[in-house]
Amino acid sequence: MQYQSQAVAKYYFVGAIGLFVAQILFGLIMGLQYVIGDFLFPEIPFNVARMVHTNALIVWLLMGFMGSAYYLIPEESETELYSPKLAVAMFWIFLVAAAATVAGYLLVPYAGLAKMTGNDLWPTMGREFLEQPTITKLGIVVVALAFLFNLTMTMLKGRKTAISLVLMIGLWGLSIFFLFSFYNPDNIVKDKFFWWWTVHLWVEGVWELILGAILAFVLIKVTGVDREVIEKWLYVIITLTLITGIIGTGHHYYWIGTPEYWQWWGSIFSALEPIPFFAMTLFAFNMVNRRRREHPNKAATLWALGTGVMSFLGAGVWGFLHTLSPVNYYTHGTQITAAHGHMAFYGAYVMVVLTMISYAMPLMRGRAANSNKAQVMEMWSFWLMTVSIVFITLFLTAAGILQIWLQRVAAVPMSFMDTQAQLSLFYWLREGAGVIFLIGLVVYIVSFFCKGETAKA
Amino acid sequence: MSGTFTTSTARNIFFGGTIFFALVFLALTFQNEQIIPQRDQRAQLAANPSIAAGKKVWENNQCIGCHTLFGEGAYFAPELGNVYKRRGPEFIKAWIAAQPTHTPGRRQMPQFNLTDKQLDDLVAFFKYVSEINTNNWPPNIEG
């Protein structure tokens, strides 16, 4: 660690991992409810478990991005963080707001939470992924503004690199597109149309800039390849991302009341969305093959390569599977979507945050890399989590194909609930893979406490 | 990746390409706004305040946490964009009022304690969404 103030990232990383655990536990509850419908009912209804599962994911990824940025920007800018105190204060505000919101989900019926938080004054609640009370959303905006201010000021007083510029564009974009979550018209078509400006333009737009920048940073550090080469790759990748991804938003506009022409625009542009992810895979492997040093942190390199491969498979291949409108007509809103969602989020965003944590955490704890024993354990967790997410995806894909056949293609279509009963084998297998994922996560956390010989940073 | 292709060339292509495609997207959005009035049943929405109230009931009880609407949401419970056509108004109200079923092992829908007015509003909302032009999605009445 070159600058003392980079250490604020540690708070964010620890908070992120804590929420990661909550996300997985609630995921397992939901998975079980898919086959044992009344499990934990009425204490934790499915919709509540799902809100915790998805919201915890979003918040921990945001914390991971913030932690990564607090670590990365001072080092790239070659100067201390503008205000470490502000960064720490914002962490606690964010954590307390997230915890209070989750407690609200779990302890009060959602309609009660909407009433308590004055949702009628400015209704923004009750839409997928944006379930947070309006006041929590405002809190997120405050935290994001303070965060952007702190990092922009840091960057302005120091060196400006392509990596920090791309990261900051991604983070500014993230904050700006979040503002669409405050727009909730009565007209459901407009509501859904602009809802995607937050959701799609995050995960298939600006978040990919953040991903690319973090990956580029770690690759420079672990491979020693020239910055110029890496920065050119980064620009090429994010160019491909945005020229395909922005109009690619159209693949959400096939069946929500919007005009037919979106089927052409959405199909063509989103069919190209795998290209930047493939470029990312080539990028990661090329840089590691051309490495000029043997960095002692093998685990971080493994995570970086894993991000390249899994983001291409999850976001690229599984996204392409159902993105063309004639295919999507049958797959839309089935377990195929769920399959894609799981591998894309894990492969792209979970893995890039874990890459950064893997690289930065040992340095913040005063060593170049963890002991060999700890790294072996971390790599075990990599394989356990990655292989089980592949199986979760495969089982959900199988469930999805069967669901489409029974409910939408067969000569006598089955009802939704009867179809679900036919899928239970795959749901049980998915739950089993989920348990392995949890074991992988436990191994991951234990690896932080694993001692052994280490070299000084 | 050498010779004349410098980092600043790459950066310029990034900014130029992004701005160009963002502008195309904005133009498409503008066009979209011109066309959707023929598809989104806004006359109905303006004439009947029950629909907007029904959307509030829909949101305040987080129905999207289990169900889908036009295929978006959770995949735990049936599609509701066309439920008005599949089940009709009276069945919908009776079903919601009768929850949970307490059938062992079956997926359970909570009791939301909706008033008669809220049930009517919700049904008005379901009627409105079922009449929006969704390019013939879903493929059949089962959703």
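The values are calculated or read from the model by the stated rules, or taken from the named source; none is laboratory data. These numbers come from a predicted model, not from an experiment. Note that each Cβ is placed from the backbone with ideal geometry, even for glycine, and that neighbours are counted across all protein chains shown. To get the accessible areas, we keep the full protein, side chains included, count just its heavy atoms, and leave off ligands, DNA and RNA. Shrake-Rupley method; radii C 1.70, N 1.55, O 1.52, S 1.80 Å.
Descriptive notes on the structure:
- Residue within the range B:95-102 that is surrounded by fewer than 17 Cβ atoms within 10 Å (Cβ to Cβ), at the interface with chain A (Cβ under 8 Å from one of its Cβ atoms) and farther than 17 Å from A:Tyr330 by Cα present: yes
- Residue check, A:Leu28 more than 12 Å from chain B (Cβ to nearest Cβ), under 19 Å from A:Leu174 (Cβ atoms) and either among the hydroxyl-bearing types (Ser, Thr, Tyr) or out of contact with any Phe, Trp or Tyr (no Cβ under 6 Å at 6 or more places or on another chain) (or both): no
- The number of residues in the range B:57-77 being at the interface with chain A (Cβ under 8 Å from one of its Cβ atoms) and not in a helix (DSSP H, G or I) comes to 13.
- Considering the range A:31-47, the residues that are open to solvent by less than 20 Å² (accessible area, probe 1.4 Å) and assigned to a helix (DSSP H, G or I) include one that is farthest from A:Ala9 (Cα to Cα), namely A:Gln33.
- Of the residues making up the range A:269-281, just one is free of Cβ contacts under 8 Å to residues at least 40 places away in the same chain, farther than 12 Å from A:Ser311 by Cα and in a helix (DSSP H, G or I), namely A:Phe269.
- Filter pass, B:Ala27 being in contact (Cβ under 8 Å) with a residue 24 or more places away in the chain and assigned to a helix (DSSP H, G or I): no
- Just one of the listed residues (B:Ile64, B:Ile51) is modelled with pLDDT of 95 or more, touching a strand residue (DSSP E or B) at 6+ places or on another chain (Cβ under 7 Å) and either at negative phi or assigned by TED's automatic domain parsing to the domain that holds B:Thr134 (or both), and it is B:Ile64.
- Set B:Gly88, B:Gly143, B:Gly54: member being small (Gly, Ala, Ser) and within 7 Å of chain A (Cβ to nearest Cβ): B:Gly143
- Positions within the range A:212-260 being within 8 Å of chain B (Cβ to nearest Cβ), among the aromatic types (Phe, Trp, Tyr) and part of a helix (DSSP H, G or I), in sequence order: A:Trp233, A:Tyr235
- Taking the criterion of being more than 20 Å from A:Ala16 (Cα to Cα) and in contact with a helix residue (DSSP H, G or I) (Cβ under 8 Å, 6 or more places away or on another chain), the residues of the range A:327-356 that qualify are A:Val327, A:Asn328, A:Tyr330, A:Thr331, A:Thr334, A:Gln335, A:Ile336, A:Thr337, A:Ala338, A:Ala339, A:His340.
- Some residue of the range A:361-369 being closer than 30 Å to A:Phe269 by Cβ and out of contact with any helix residue (DSSP H, G or I) (no Cβ under 7 Å at 6 or more places or on another chain): no
- Matching residues, the range A:319-338, being more than 10 Å from every other protein chain (Cβ to nearest Cβ), open to solvent by 10 Å² or more (accessible area, probe 1.4 Å) and under 16 Å from A:His200 (Cβ atoms): A:Gly319, A:Phe320, A:His322
- Residue in the range A:300-312 that is away from chain B (no Cβ under 11 Å) and assigned to a loop (DSSP other than H, G, I, E, B) present: no
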